[in-house]
Amino acid sequence: MSLSLSAEQPDEPADADDGVWLECIECGETFAPFDDVRYTCDECDGLLEVRYADLPTFDDFDGHGVWRYADALPFAEGVSIQEGATPLYEVPRLEESIGVEALRIKHEGMNPTGSFKDRGMTVGVRVAKELGVDRLACASTGNTSAALAAYGSRGGMQTLVLLPAGKVAAGKIAQASLHGARILEVDGNFDACLDIVQELAGQGEAYLLNSLNPFRLEGQKTIGLEILEGFLADYDAVPDRIVLPVGNAGNTSALYKAFRELVQAGELDEDDVPKLTGVQAEGAAPMVEAIENDADEVRRWDDVETRATAIRIGNPVNAPKALPGIRETGGTAVAVSDEEITEAQRDIAGEGIGVEPASAASVAGLRKLRAEGVVDDDERVACLTTGHLLKDPDAAAAAGSEPEPVPADTDGVLEHLSE
Ligand SMILES: *Cc1c(COP(=O)(O)O)cnc(C)c1O
Ligand SMILES: [Zn+2]
């Protein structure tokens, strides 16, 4: 099967363009990458993946940020705002309290618009240019809309975003708005927004840039490549495990693809591939349910709720790519409560790192799995934090301390401090 770690590098089909093509993960049908707009397989509606005739080695990577990895991407450069090259922070207190050999936080909130979505958009908007489309669209829990608006305007294109009304954090709407997106607030949840955008895209109204779009995931592979290079530099070994929040499971799929390509290129041993470990909120955990039940398919949850709004998703579209990723790498999936998420957000903030609630789910999940003994104390782990604290100022203020009113004189302030 094409999604196995031991899959062979496929032969280049006649419809490849400069060594790049699309392949259906279900039936294996191949398609020319840039002739027509296409998001899923014409034959069976399966998800598509980008394939390359030549897979890069670590030596081929050169430069800074996402485009350092151009040899692993469909183009040499993209519509860029200097995305990627995010910090891989040491967090000694968290490492100690969770009890693992090494813990690093890969903070994707340090991207230009404050989330990892920028890595996908720099590639996706470049592809949109290649296809000659003029209007871009997405459904979003917030961060995709912020990234689409910024990269779309950078690329000189119109942007349309569909958001679940009342369920998007303030910072994200502000970004989409100022970067010039047309914002439609839908009376429904994220999954309903995505259903509508998929139909609009199918009717040719706009080019879809949700993670169903296989080119976005190519950009997001670079998270995995940066983590591996960072660990190799600091520990001379790749991490044993990567823990990440899961919404549509795009990142889970993208990291798995990055590792599969390195295995195929002979750059990474199959046994050394980091265990992909997904974390969801208890109120939106269809992937966890599928992993726990050893199910082939994910059941769509119609009612989802969590304060981690970025992962308030009941129908993870990339599940067919992500489930094999979790299973083949020996990883797992776990659900955490909103209270555990907020606690982890405070713990991460205590190391000077500000993340939004969904991001903190990774650390909350690691703590839980370590306590349950699923994660061993000798593991070296990377936790992915997906978005910046300022994305959701209301959640941050609610998790932090209350401002204290004082009079406008020093004696009054001193008196208050001594109370
Ligand atoms: C989009 C997003 C996620 C979910 O990522 P998937 O790739 O869809 O699983 C998690 N956290 C934040 C902050 C996001 O913006
Ligand atoms: Zn197919």
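Please treat every number below as a calculation from the coordinates, not as lab data. What you see is a predicted model, and the numbers here were worked out from it, not measured in a lab. A quick note on method: Cβ atoms are made from the backbone with ideal geometry, for glycine too, and the neighbour counts reach across all protein chains shown.
Taking every C-alpha pair closer than 8 Å and separated by at least 6 residues, the mean separation divided by the residue count of the stretch 1-54 gives a relative contact order of 35 percent. Translational diffusion coefficient of the stretch 260-320 (Stokes-Einstein, Kirkwood radius from Cα pairs, 4 °C, 1.567 mPa s): 97 µm²/s. Distances between placed amide hydrogens fall under 5 Å for R135 paired with Y207, all partners being 5 or more residues away or on another chain. When the GluC sites (Glu not before Pro) in the stretch 1-66 are filtered for DSSP coil states and for at most 12 other beta-carbon atoms within 10 Å of their beta-carbon, the remaining sites are E8, E43. Report P(r) for the stretch 222-313: all Cα-Cα distances, bin width 5 Å, range 0 to the bin holding the largest distance, values in whole percent. Answer for the stretch 222-313: a P(r) of 3, 13, 20, 21, 15, 13, 10, 5, 1 percent. Exposure proxy ranking for I25, I105, based on other Cβ atoms within 10 angstrom of each Cβ and starting from the fewest, stands as I25, I105. Under 5 Å from the amide H of K275 lie the amide H atoms of R241, I242, each residue being 5 or more positions distant or on a separate chain, with H modelled from the backbone and absent for Pro and chain starts. In this entry, the stretch 34-142 is assigned a mean projected area of 10.4 nm², taken as a quarter of its C-alpha convex hull surface.
Counting pairs of Cα atoms in the stretch 117-211, how many percent are more than 22 Å apart? Of all Cα-Cα distances in the stretch 117-211, 17 percent exceed 22 Å.
DSSP finds beta bridges in the chain, and of those with both partners inside it, around 30 percent are antiparallel.
Pair-distance distribution P(r) for the chain, from all Cα-Cα distances in 20 Å bins starting at 0: 28, 59, 11, 2, 0 percent. The local environment of D378, defined by Cβ-Cβ distances under 9 Å, has a net charge of -4 under the rule Lys, Arg +1 and Asp, Glu -1. Would you mind getting me the FRET efficiency between D71 and D195? Use the beta-carbon distance for r and R0 = 35 Å, nearest 0.05. The formula returns an efficiency of 0.45 here. The aspartates and glutamates within cross-link reach of K368, meaning a Cα-to-Cα straight distance under 15 Å and a gap of 8 or more places when in the same chain, are E95, E96, E282, D338, E339, E340, E343, D347, D376, D377, E379.
Can you classify the stretch 1-54 as rounded, prolate or oblate using the Cα gyration tensor, where a ≥ b ≥ c are the square roots of its eigenvalues, rounded means a/c under 1.5, and otherwise it's prolate if a/b beats b/c and oblate if not? In terms of gyration-tensor shape, oblate.
Cross-linked pairs K117/K257; K106/K275; K129/K257; K106/K257; K106/K391; K129/K275: Cα-Cα separations exceed 26 Å for K129/K275. Taking the fewest neighbouring Cβ atoms within 10 Å as the starting point, the ordered list for R38, R260 is R38, R260.
With semi-axes defined as the square roots of five times the eigenvalues of the C-alpha gyration tensor, the equivalent ellipsoid of the stretch 318-378 measures 23, 15, 10 Å, largest first. Which net charge results when you count Lys and Arg as +1 and Asp and Glu as -1 among the other residues whose beta-carbon is under 9 Å from that of K275? Neighbour charge sum, excluding K275 itself: -1. For the stretch 155-227, the alpha carbon positions stretch 38, 31, 27 Å along the principal axes, listed from largest to smallest. Listing I173, I242, I311, I183 from fewest to most neighbouring C-beta atoms within 10 Å gives I183, I173, I311, I242. I want the local charge near I353. Using Cβ-Cβ distances under 12 Å, sum +1 for each Lys or Arg and -1 for each Asp or Glu among the other residues. For residues surrounding I353, the net value is -1.
Remark: the stretch 346-358, residue by residue, has Karplus-estimated 3J(HN,Hα) of 5, 4, 5, 4, x, 9, x, 10, x, 10, 7, x, 4 Hz, where x stands for each Gly or Pro and the curve is 6.51 cos²θ - 1.76 cosθ + 1.60 at θ = phi - 60°. The stretch 375-398 and the stretch 77-103 have Cα centres separated by 10 Å.
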